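Take a look at the structure below.
The values are calculated or read from the model by the stated rules, or taken from the named source; none is laboratory data. In this text the structure is predicted, and so the values were computed from the model without any measurement. Here the Cβ is made from the backbone with ideal geometry for all residues, glycine too, and neighbour counts use every protein chain on show. Calculation scope for accessible area: heavy atoms of the full protein, side chains included, ligands and nucleic acids excluded. Shrake-Rupley method; radii C 1.70, N 1.55, O 1.52, S 1.80 Å.
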Amino acid sequence: MEKELIPDAALVSNYIKGDESALAVLIERHKQKIYSFIFSKVYDRDITEDVFQDTFIKVIKTLKRGKYNEEGKFLPWVMRIAHNLVIDHFRKNSRMPKFDNAGEFSIFSVLSDSSLNAEKSMIKDQVESDVRRIIEELPEDQKQVLLMRMYNDMSFKEISERTGVSINTALGRMRYALINMRKVIEQNNIVLTN
Amino acid sequence: MAKLYSNPSPKNDKLLPKDETISYLLNYSKALSVISYNKLKFEALLN
C-alpha cells in the first residue's frame, strides 16, 4: 500500500536510477487501463497481449536510454505508445478491426448483408434500364417471347399457346432474340456487368 | 418450455494481461542494459 503513494514520476526516476522494482509497481498500477485501451481497439486477446508487451518493451528501452523527459504524465505517454503500436498493427495487417464474439463462433460468418450498396444499386438500375432499351430494339415477335419468358416467367408451352405458334417456333424466337441482343451489345460496346 | 440454444457470452470483465507477459517484461527489463560510449548508446541483453 505504501508504494501506491509514490507518484509515477518518482517511480520513473527510481527506475532510471536502477530500481527494477519501480517498474513492477508502474506496470501493476497501469496494466488494466493500458490493456483495456488496447483491447478496445483490436478486440483480440492475443493481439492485445502482443501490443501490450511491445508497448512496455518500448517504454523500458526509452527509459533505459535516458530519452524520457517528464514533460507530461507517465500514463498518457504509455497510452500514446500503445496507440501508435495499434495503428502500426492495423497498417501491417491493412485491415480494420473485426468484432469477434470472443469465441470460436462468429455470428458474422453466417450473417451477411446481401443488400447492395448505393453505388452498386445505381449500377444495377442502369444495367436494367439498358437491357430494357435493347429489348425495345428487337423485332416484335422476338420481343414478345422474350418478355413473356423472362419478365412474366411463362413456360414455352404457355408462350406457344398465348402467341399461337408452336413451341419450337417460340424457342427459335427466343434464341434469335438473345442472339440479336448480344449483337446490339457488342456493336455499341455496352457493359452490362455490376 | 422453449429450449435456448445460445451459449452465454463469456464475460470480459477481467481485462488484464497474462502473468507471463508481466514477468517477461520484468525479466526483459532486468536483462537489458544500455551501455553509453561517448555519444553512442548500445543495448545489450544479458541473459
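Residues in segment B:23-35 that are open to solvent by 20 Å² or more (accessible area, probe 1.4 Å), under 19 Å from A:I47 (Cα atoms) and at the interface with chain A (Cβ under 9 Å from one of its Cβ atoms): B:Y24 only. What's the total number of residues in segment A:144-177 that are in contact with a Leu (Cβ under 8 Å, 6 or more places away or on another chain) and under 21 Å from A:Q126 (Cβ atoms)? Summing the residues that are in contact with a Leu (Cβ under 8 Å, 6 or more places away or on another chain) and under 21 Å from A:Q126 (Cβ atoms) in segment A:144-177 gives 1.
Would you be able to say whether some residue in segment B:19-28 is in a strand (DSSP E or B), modelled with pLDDT of 80 or more and in contact with a strand residue (DSSP E or B) (Cβ under 9 Å, 6 or more places away or on another chain)?
Pass one, segment B:19-28, residues in a strand (DSSP E or B): none.
The answer is no, given that none of the residues of segment B:19-28 is in a strand (DSSP E or B), modelled with pLDDT of 80 or more and in contact with a strand residue (DSSP E or B) (Cβ under 9 Å, 6 or more places away or on another chain).
Over 30 Å from A:R45 (Cβ atoms) and either open to solvent by less than 90 Å² (accessible area, probe 1.4 Å) or at pLDDT 90 or above (or both), is that true of A:V131? Judged against the criteria, A:V131 is a match.
Once segment A:48-95 is narrowed to residues that are part of a loop (DSSP other than H, G, I, E, B), of a type outside the set (D, E) and open to solvent by 70 Å² or more (accessible area, probe 1.4 Å), the residue that is nearest to the other protein chains (Cβ to nearest Cβ) is A:K67. Looking only at residues of segment A:20-47 that are among the acidic types (D, E) and within 11 Å of another protein chain (Cβ to nearest Cβ), we find that the one that is nearest to B:L26 (Cα to Cα) is A:E20.
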